[in-house]
Structures are given as C-alpha cells and as structure tokens.
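The values are calculated or read from the model by the stated rules, or taken from the named source; none is laboratory data. This one's a predicted model, so the numbers in the text were calculated from it and none came from an experiment. Positions of Cβ are backbone-derived with ideal geometry, glycine not excepted, and every protein chain shown enters the neighbour counts.
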Amino acid sequence: MYKLFLLLFAFMATHGFAQKQKIVITDDIPNFWNAYDQIKQTKDSLQQIELIKTLFINKGTLGLSAMMEVKEYTPTSYINAINQYPDFWNSIRNNTLKVNGYANEIEKGIKQLKRIYPSLKPAKIYFTIGALWSNGTTLGNKVLIGSELAMADKNATTNEFEKDFPHLPVYFNTNPIDNLTFLNTHEYIHTQQKTTEGNSLLAQTVLEGAAEFIAEIALKKSSPNPQIQFGKSNNYQLKKAFEKEMFSPYLYNWIWNNANNPFKMRDLAYYIGYAICEKYYAESSNKKLAIQEMIELDYNKETALIAFVEKSGFFESPLLVYKHQFENSRPKVLGITQFNNGSQIVDPSTNTITLNFSQPMNINTRGFELGPLGENNALMVKKVLGFSEDKKSFSFEVQLESKKRYQSLVSDRFRDADGLPLKPYLIDIKTAE
C-alpha cells in the first residue's frame with residue numbers, strides 16, 4: 001500500500017502538477033478550423049450557424065467565452081467574417097496552427113515578468129479565434145488572444161477587407177506573429193492592474209503605457225509597436241496635442257482609433273503613456289518599487305493618477321492647469337430656442353426642440369441619455385432633424401403630454417469639430433395644462 005501511495009504521488013507530481021502549471025491554452029484553434037472546413041461545405045446559412053455553434057463555440061474554452069463577451073461576438077459575427085473574407089482566412093491558417101510552438105517562449109516571458117514584479121498573480125493565456133476585432137484583450141485573470149490577427153504576418157491577404165478594417169494591412173506589415181511574447185506579456189500585465197478601463201483619456205493612456213513599458217523592461221526588448229518609435233520622433237507635438245484632451249472622457253482621438261487624424265498614426269495614447277512611465281522609472285531610485293507602483297496604481301482615482309504623472313515630470317505644468325483649460329475649452333449648450341430650460345410651463349403642443357451650442361459641432365456624433373428620473377420621464381426623440389448649416393444648433397422632434405415633467409441628458413457623445421466632448425446638459429422641464 002505504501003508503494004502504491006508513492007506511485008500515485010509520483011504520478012500526481014509529474015502529471016497533475018505540470019497540468020496545473022500550464023498557462024497557455026490553445027484548444028480553440030483546431031476547433032475553429034474543424035468548424036471552418038465544415039462551414040465551407042454548405043451555403044445554407046442556418047446550417048452554417050449551427051456548425052459554428054456545435055463545433056467551435058459549444059466546445060470552446062473559458063477564453064473563447066470571455067472573448068465573445070468582451071467583444072460581443074455572436075455566431076453570426078463568425079459566419080459573416082468567414083464568408084466575406086475567405087482569402088484572408090486561407091492566408092493565415094498555417095500560422096495559427098503553429099501556436100503550440102510559441103507556448104514555451106511566452107511562458108518564459110511571464111517568468112521574466114515575475115522576476116521584476118514578484119507579486120505577479122496567476123493568469124491564463126487563451127489563444128482563440130475572433131472575428132477581426134481584437135488581437136488581444138483581457139477579462140479578469142484571462143489573457144485573450146485573437147489569433148487571426150496576432151498570428152498574422154505581412155503575407156496575410158487583406159484586399160477583401162481594406163474598406164472594413166483599413167488599419168489591418170499596416171498592422172500585418174509589422175509581422176505580429178514575431179511579437180507574440182511581447183503582446184502576451186503586455187496583456188498579462190493588464191490582468192495584474194486594478195482595472196482595464198480608464199475613466200478618462202489620461203487614465204486609459206497611463207494604464208496602457210504602463211503595460212507597454214513594463215513589458216519592455218521584463219523582456220529587455222524594445223516595443224515592436226510603431227507608435228512608440230513614432231512618438232519618440234514627434235514627442236513635442238504629441239505632448240502639446242495631448243495636453244488639450246488628457247482629462248476628456250472621450251478616448252477615441254487617441255486610442256482604438258484609425259489613422260485619420262493629424263498625425264496619420266493610430267493609438268498614439270500608447271506612446272504618451274509609455275513615455276510617462278519611462279520618465280517615472282528613470283526618476284525613481286528604487287526601480288523595483290517603481291514597477292510595483294505602475295502596476296498597482298489606482299488609475300481611476302484622479303488624485304493618485306495626477307500625483308503619479310506629476311512625479312514623472314513628463315508635462316511642464318501642473319496637471320490641474322490642463323484640467324482647467326480643458327473644461328473651459330469644451331463646447332456647451334447655450335440654451336434651447338423654444339423655451340428656457342427648467343421652465344414649468346412649456347407648451348405641450350411644442351413639437352420641435354433646438355439646442356444651441358457655443359461652437360460648431362461634429363455632425364457625425366451625438367447622444368442622449370436618461371435623466372435622474374429615469375425612463376418614465378424621458379424626453380424621447382421622435383425624429384432627428386439634424387444640425388444647422390453653421391453646425392451650431394441641433395433640432396429634433398418630440399411629442400409632449402400636458403402636465404408632465406420631462407428630462408433628457410444631452411451627453412458628451414456630442415463633440416465639437418475638434419473632437420472635444422460637450423459638457424453634459426440636462427434638459428429638465430414640465431409642460432403646462
């Protein structure tokens with residue numbers, strides 16, 4: 001019996017422990033290609049949906065479920081991508097099937113990360129397949145890799161979706177498959193941070209920049225992302241532009257955007273955040289503590305974030321100066337043409353509301369939200385009439401009842417021509433009898 005116990009213990013030590021330590025999970029990739037081959041055999045859309053469900057989604061790892069949740073993928077998302085871009089899928093198939101050959105290198109990179117940040121918590125890395133919307137993201141303690149993007153290279157066929165995904169040809173030319181360890185180390189760092197969603201442009205910028213910079217330190221390798229080198233060559237101009245928007249709740253002039261901006265380069269917030277962390281690290285006498293502070297910073301606590309950024313010395317002025325300048329530069333609602341906001345005697349026959357802004361607005365962005373009183377008192381937009389010729393007013397049709405209080409929040413999804421978000425404005429009125 002004692003020998004049997006020793007044999008069982010030895011088996012658990014050599015098999016169970018190794019299984020427990022496995023951090024790179026790749027099962028979704030062969031499942032996807034099995035489903036793909038079956039799907040290509042039929043043109044029946046209902047059957048295609050059933051195949052992607054039964055052969056891929058239902059057999060999926062926890063990572064696939066998480067990726068679908070974060071990116072809001074559906075079975076239809078996959079079928080559309082498969083049917084619309086067949087040449088692309090054929091061009092990246094062999095690369096994705098090499099995934100197991102990269103696992104050891106990636107795990108080695110995570111060990112290097114633990115050396116500079118001993119408090120590293122366990123996380124799993126899932127190589128899965130998405131529908132072209134993300135090369136890598138996280139959810140909780142899961143790193144989620146969109147292998148169809150992260151494992152592509154410059155030979156990927158992109159002519160089918162250049163209009164749908166104009167940034168991908170540029171990305172593929174960087175040979176992302178050569179940088180899998182860096183990408184996974186960056187994303188692994190996100191699993192250690194207090195949040196992956198910053199509540200301001202500055203918060204998201206430092207959050208991403210910390211992951212980018214710390215991955216460099218851990219791997220002793222320069223970032224492969226072109227934004228970093230571009231930023232170093234254009235630091236002054238980028239800094240001055242960023243100063244005007246850093247306290248904005250709107251991120252998409254700087255991150256997860258396209259190259260249709262004055263600098264003709266997307267995701268430049270990565271450089272700004274990287275540069276802040278690089279300077280913070282250089283100014284710190286205790287390098288290991290600096291790494292810990294970057295990872296454990298409460299990015300969404302504004303006082304802590306400001307203290308961290310100011311300690312770096314990256315910006316010339318105190319950050320509250322930039323905050324004050326930003327608030328003063330934001331577009332505002334000056335008033336409503338048909339009545340005074342707050343009026344208790346609005347004519348219930350009023351069928352048009354016109355908002356007047358302090359400056360010309362971007363006619364492609366707008367948004368309303370419920371007021372504090374909720375849906376029962378919502379001022380609903382019956383029909384959008386649109387912006388005036390000078391872009392300084394916006395009209396919409398409503399249908400009012402008598403003796404009722406109405407609210408609607410004109411949200412910061414309204415933005416001016418330079419992309420600065422509106423100061424939210426609460427319409428709060430009551431109709432007469």
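Answer yes if at least one residue in the range 99-116 is among the hydroxyl-bearing types (Ser, Thr, Tyr), in the same structural domain as Asp37 (by TED's automatic domain parsing) and under 17 Å from Asn31 (Cβ atoms), and no otherwise.
No, the range 99-116 contains no residue that is among the hydroxyl-bearing types (Ser, Thr, Tyr), in the same structural domain as Asp37 (by TED's automatic domain parsing) and under 17 Å from Asn31 (Cβ atoms).
Under 7 Å by Cβ, and 6 or more places apart or on different chains, what pairs join a residue from the range 64-81 that is surrounded by fewer than 16 Cβ atoms within 10 Å (Cβ to Cβ) with one that is of a type in the set (A, V, I, L, M)?
Between residues of the range 64-81 that are surrounded by fewer than 16 Cβ atoms within 10 Å (Cβ to Cβ) and residues that are of a type in the set (A, V, I, L, M), the close pairs are Glu69/Leu139; Thr76/Ile49.
So which residues in the range 344-371 are part of a loop (DSSP other than H, G, I, E, B), free of Cβ contacts under 8 Å to residues at least 40 places away in the same chain and under 14 Å from Ile427 (Cβ atoms)?
Within the range 344-371, Leu370 is the sole residue that qualifies.
Which one of Lys232, Lys279, Lys239 is farther than 24 Å from Leu183 by Cα and either touching a His at 6+ places or on another chain (Cβ under 8 Å) or in a helix (DSSP H, G or I) (or both)?
Details: Lys232 fails: farther than 24 Å from Leu183 by Cα; Lys279 fails: farther than 24 Å from Leu183 by Cα.
Going through Lys232, Lys279, Lys239 in turn, the sole match is Lys239.
Would you kindly identify the helices (runs of 4 or more DSSP H) lying entirely within the range 94-200 that contain at least 3 residues that are of a type in the set (A, V, I, L, M, F, W, C) and crowded, with 20+ Cβ neighbours inside 10 Å?
Of the helices (runs of 4 or more DSSP H) lying wholly inside the range 94-200, those with at least 3 residues that are of a type in the set (A, V, I, L, M, F, W, C) and crowded, with 20+ Cβ neighbours inside 10 Å span 103-116, 180-190.
Mind listing whichever residues of the range 72-83 are more than 13 Å from Glu148 (Cβ to Cβ) and assigned to a helix (DSSP H, G or I)?
Scanning the range 72-83 gives Pro75, Thr76, Ile79, Asn80, Asn83.
Only one of Thr196, Thr205, Thr185, Thr174 is closer than 28 Å to Phe315 by Cβ, at pLDDT below 95 and among the polar types (S, T, N, Q). Can you tell me which?
So the residue among Thr196, Thr205, Thr185, Thr174 that is closer than 28 Å to Phe315 by Cβ, at pLDDT below 95 and among the polar types (S, T, N, Q) is Thr196.
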